[in-house]
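Right, one structure below, let's go through it.
The values are calculated or read from the model by the stated rules, or taken from the named source; none is laboratory data. As the structure is a prediction and not an experimental result, all values here were calculated from the model. Neighbour counts run over all protein chains shown; Cβ positions are idealised from the backbone, glycine included.
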């Protein structure tokens, strides 16, 4: 029962923080609400006993990427920067796109036949994937291994950091 209550609390925090991140007028506040979303998502991973994913979520996304966003915001925008108000046409189109995405996702989820039902050990939380298996999958060069995307992502982050330095330098 406590797990269900925790799940609903984390889900409510994710939904409220995501809506506040999108609708906030101040950019730095939006980044703070995004931080709450990322931390609550790590809490959901902990509920599923995916300790490795929770640690990655906190260290890489909440700790690394979001800090990079905040540095970019602070380096490129004047103090107290606010977002410009959008016209109603853009807001309506955004809401229509979000609603259609929600409907498509719901339809696919309802019609999909899941391979694992109730006896799935990962859903029940009785089993966790070995760290050695995750390490080999991340750093391998075989099929279904992710060394190349991992390196491409590191180059992309390096380019972002260099771009931030050049933007700050011009000021």
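Only one entry in 55, 21 is free of Cβ contacts under 8 Å to residues at least 24 places away in the same chain, assigned by TED's automatic domain parsing to the domain that holds residue 68, surrounded by 15 or more Cβ atoms within 10 Å (Cβ to Cβ) and closer than 27 Å to residue 72 by Cα, namely 21. Taken as a whole, the structure leaves residue 74 outside the set of residues that are closer than 23 Å to residue 10 by Cα, surrounded by 10 or more Cβ atoms within 10 Å (Cβ to Cβ) and at pLDDT 75 or above. Filtering segment 83-104 to residues that are within 23 Å of the chain's Cα centre (by Cα) and loosely packed, with under 11 Cβ neighbours inside 10 Å leaves 95, 96, 97, 99, 100, 101, 102, 103, 104.
Residue-by-condition table, conditions (1) at pLDDT below 80; (2) more than 26 Å from residue 45 (Cα to Cα):
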{"residue": "132", "(1), (2)": "no, no"}
{"residue": "151", "(1), (2)": "no, no"}
{"residue": "156", "(1), (2)": "no, yes"}
{"residue": "161", "(1), (2)": "no, yes"}
{"residue": "166", "(1), (2)": "no, yes"}
{"residue": "169", "(1), (2)": "yes, yes"}
